[in-house]
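Let me begin by presenting the structure, written as structure tokens, before commenting on it.
The values are calculated or read from the model by the stated rules, or taken from the named source; none is laboratory data. Please read these numbers as outputs of a predicted model, since none were measured by experiment. Please note: Cβ atoms are built from the backbone with ideal geometry, for glycine as well, and neighbour counts cover all protein chains shown. Side chains are part of the model used for accessible areas, which takes the heavy atoms of the whole protein and leaves out ligands, DNA and RNA. Shrake-Rupley method; radii C 1.70, N 1.55, O 1.52, S 1.80 Å.
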Amino acid sequence: MDQHDANRYSRQIRLPSVGEHGQQSLLDARCLIIGMGGLGSPAAMYLAAAGVGQLVISDFDRVEDSNLQRQIAHRSVDIGEPKAISAKRTLEALNPRCRITAIDWQLDDEELADQVAKADVVLDCSDNFATRFALNRQAFQSGTPLVSGAAIRTEGQIATFLPQDGGPCYQCIYPGDLEGEESCALEGVLAPVVGVMGSMQALQALLVLLGRTAGLAGRLLLFDALAMEWQSVRVPRDEACPVCAGRKAVHDGD
Amino acid sequence: MSISVRYFARLREQLGRSGDELDAEGIRTPADAWARANGGDTLPANTLVAVNQDYASLDSTVRDGDEIAFFPPVTGG
Ligand SMILES: [Zn+2]
């Protein structure tokens, strides 16, 4: 870490939970973010600002007028551009030292597996069950921590899954044959709700990179914006889960 | 004693109340509690259930004094 970084990240380095060592871990880290919409925008911006060294951002949609109410990595001039490209510009302006890789095509299974395996942490900022289940499978196959966020209307949910800890996975919460997709286009969404959940995803990803996962393991957090309430639910591993059952916990030194 | 039922987010909006206190007699599962509190209204698909803040299923066992919470699923982003 040079003088520029020491100064730029001084407010984080000051924290006992981060310190120079923690900041260096962030600078050395690689995060994969799937989705550059309402959740992915603030998540990526906070991770870039906080000094995560490398962000791989994936989205094959293009920016539309109706996205701009909440997808804050994109601007009016970006309408029609691929979201991954538009977000890359925003992130590079925010932090030129952050290495951004933009993926503006739909990853096939092999490419997704490769990207998940290379990442230190994956953020699921997607908007559909198919992607969520695929990402969950890959994360557990390669042992990569997965921060899964969702938001719609005036509510949100977030959980971090830690394959190495013997904890639950996304499919322990939602059965894999789930149907009845909902979309923000149909249901609506209050802009800062995705901001709250996306920022929380960035925060949980930083905790993973800093090794502070005790508060994340086996917990699903639910946000009700109208009631201004958070609920926490303890989630055990489903012993019949087709994705994670039978996986052993992996601990350093074992 | 009784069983407390809580509704979260969209469910609270749709039902117009944040919860119910039910006589525990005859309630053995979250499904029983939902049926007692909401009569013929079927539980929305994929609703998540917690008993005393532990993830549960609709046919988990509940006891006198338990708190059951119902949460709508969220997938958007
Ligand atoms: Zn599982």
Open item on the list: Using a Gaussian network model on chain A with a 10 Å cutoff between Cα atoms, which of A:Gln106, A:Gln54, A:Gln204 fluctuates the most?
Closed with: A:Gln106
Task: A:Arg14 versus A:Gln106: modelled label distance in nm, points set 7 Å from Cα along the beta carbon direction - done: 4.8 nm
TODO: List the trypsin sites (Lys or Arg not before Pro) within region A:91-149 that fall in a DSSP loop (any state other than H, G, I, E or B) and whose Cβ has at most 16 other Cβ atoms within 10 Å.
DONE: A:Arg97
Task: Solvent-accessible surface (1.4 angstrom probe) belonging to A:Ile173, in square angstrom, nearest 10 - done: 10 Å²
- [ ] Would you be so kind as to list the residues of region B:50-77 that have their accessible area lowered by at least 20 Å² in the full protein complex compared with their chain by itself (1.4 Å probe)?
- [x] B:Gln53, B:Asp54, B:Tyr55, B:Phe71, B:Pro73, B:Val74, B:Thr75, B:Gly76, B:Gly77
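Can you pull the mean other chain C-beta count within 10 Å for peptide A:196-202? Provide the component values of the computation, followed by the final result.
Working: counts 0, 3, 1, 0, 0, 1, 0.
Mean partner-chain Cβ count within 10 Å for A:196-202: 1.
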Task: Test item: A:222-234 mean partner chain Cβ contacts at 10 Å - done: 5
Open item on the list: As a test, work out the antiparallel percent of DSSP beta bridges whose residues both lie in region A:33-142, rounded to the nearest 5.
Closed with: 10 percent
Task: Heavy-atom surface of region B:2-71, accessible at 1.4 Å and reported per residue (Å²) - done: 48 Å²
Task: Fraction of accessible area attributable to carbon and sulfur, region B:2-71 (%, probe 1.4 Å) - done: 42 percent
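Estimate the FRET efficiency between B:Leu15 and A:Ser66 by the formula 1/(1 + (r/R0)^6), using the beta-carbon distance for r and 35 Å for R0, to the nearest 0.05. Kindly include the intermediate steps, with their values, before the conclusion.
On the way: r = 30 Å, r/R0 = 0.86.
The pair B:Leu15/A:Ser66 has a calculated efficiency of 0.70.
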- [ ] Name the residue, out of B:Asp20, B:Asp54, B:Asp64, whose mean-square fluctuation peaks in a Gaussian network model built on chain B with Cα pairs under 10 Å.
- [x] B:Asp54
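To the nearest 100 Å², how much accessible surface do chains A and B hide from each other in total, with a 1.4 Å probe? Could you put the intermediate results ahead of the total?
On the way: alone 12470 and 4880 Å², together 14950 Å².
Counting protein atoms only, the buried area is about 2400 Å².
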Open item on the list: Could you derive backbone 3J(HN,Hα) for region B:54-67 from the dihedral phi with the Karplus parameters 6.51, -1.76 and 1.60 (θ = phi - 60°), listing whole Hz in sequence and x where the residue is Gly or Pro?
Closed with: 9, 3, 9, 10, 5, 10, 5, 7, 10, 10, 3, x, 6, 10
- [ ] Count the DSSP beta bridges whose two residues both fall in region B:2-71, then state the antiparallel fraction as a percent rounded to the nearest 5.
- [x] 75 percent
Task: Farthest toward positive dipole pole in the protein assembly as shown [+1 Lys/Arg, -1 Asp/Glu at C-beta], among A:Leu68, A:Gln106, A:Pro175 - done: A:Leu68
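Out of all DSSP beta bridges with both ends in the protein assembly as shown, state the antiparallel percent to the nearest 5. Before the final figure, lay out each step's value.
Details: 31 of 54 bridges.
Here the share of antiparallel DSSP bridges comes out near 55 percent.
At a threshold of 8 angstrom on Cα-Cα distance, excluding pairs fewer than six apart, so keeping six or more, what relative contact order does chain B reach in percent?
Values: 135 pairs, mean separation 31.1, N = 77.
Relative contact order, chain B: 40 percent.
Helix-only mean residue ellipticity at 222 nm, chain A, DSSP H runs n ≥ 4 weighted -39,500 (n - 2.57), per residue, nearest 500. What is it? Walk me through the numbers before you get to the answer.
Values: 10 runs with 93 residues, N = 254.
Taking each H run of at least 4 residues, the total per residue is -10500 deg cm²/dmol.
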Task: Area accessible to solvent at A:Glu81, 1.4 Å probe radius, in Å² - done: 60 Å²
Task: Length-normalised contact order of chain A in % [C-alpha pairs under 8 Å, at least 6 apart] - done: 19 percent
TODO: For region A:97-112, just list the computed ³J(HN,Hα) in residue order, Karplus coefficients 6.51, -1.76 and 1.60, θ = phi - 60°, integers in Hz, with x standing in for Gly and Pro.
DONE: 7, 7, 7, 10, 10, 9, 10, 10, 10, 6, 5, 7, 4, 5, 5, 4
TODO: Using +1 at the Cβ of each Lys and Arg and -1 at the Cβ of each Asp and Glu in chain A, identify which of A:Ala134, A:Leu186, A:Val235 lies farthest towards the dipole's positive end.
DONE: A:Val235
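Keeping every protein chain in place, order B:Tyr7, B:Tyr55 by accessible area at 1.4 Å, biggest value first, i.e. largest first. Before the final figure, lay out the partial values.
Working: B:Tyr7 5, B:Tyr55 60 Å².
If we order B:Tyr7, B:Tyr55 from most to least accessible, we get B:Tyr55, B:Tyr7.
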TODO: Might you report the magnitude of the Cβ-based charge dipole of region A:105-151 about its Cα centre, with Lys and Arg at +1 and Asp and Glu at -1, to the nearest 20 debye?
DONE: 200 debye
Task: Computed magnitude of the charge dipole of the protein assembly as shown (debye, nearest 20; Cβ of K, R +1, Cβ of D, E -1) - done: 1020 debye
Task: Size of electric dipole in region B:2-71: Cβ of Lys, Arg +1 and of Asp, Glu -1, about Cα centre, debye, nearest 20 - done: 260 debye
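Under a 1.4 angstrom probe, counting protein chains only, how are A:Val243, B:Val5 ranked by accessible area, largest first?
Working: A:Val243 35, B:Val5 5 Å².
Heavy-atom accessible area, descending, gives A:Val243, B:Val5.
For chain B, what is the convex hull (Cα atoms) projected area averaged across all directions, in square nanometres? Can you show the working numbers first?
Numbers: hull surface 20.0 nm².
Projected area, direction-averaged: 5.0 nm².
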Task: HN-Hα J in Hz across region A:38-50 - Karplus 6.51, -1.76, 1.60, θ = phi - 60°, x for Gly and Pro - done: x, 7, x, 4, x, 4, 5, 5, 5, 5, 5, 4, 6
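As an exercise, identify the trypsin sites (Lys or Arg not before Pro) in chain B lying in DSSP coil whose Cβ has no more than 13 other Cβ atoms within 10 Å.
Numbers: sites: B:Arg6, B:Arg10, B:Arg12, B:Arg17, B:Arg28, B:Arg36, B:Arg63; in loops: B:Arg17, B:Arg28, B:Arg63.
Sparse-neighbourhood loop trypsin sites (Lys or Arg not before Pro): B:Arg17, B:Arg28, B:Arg63.
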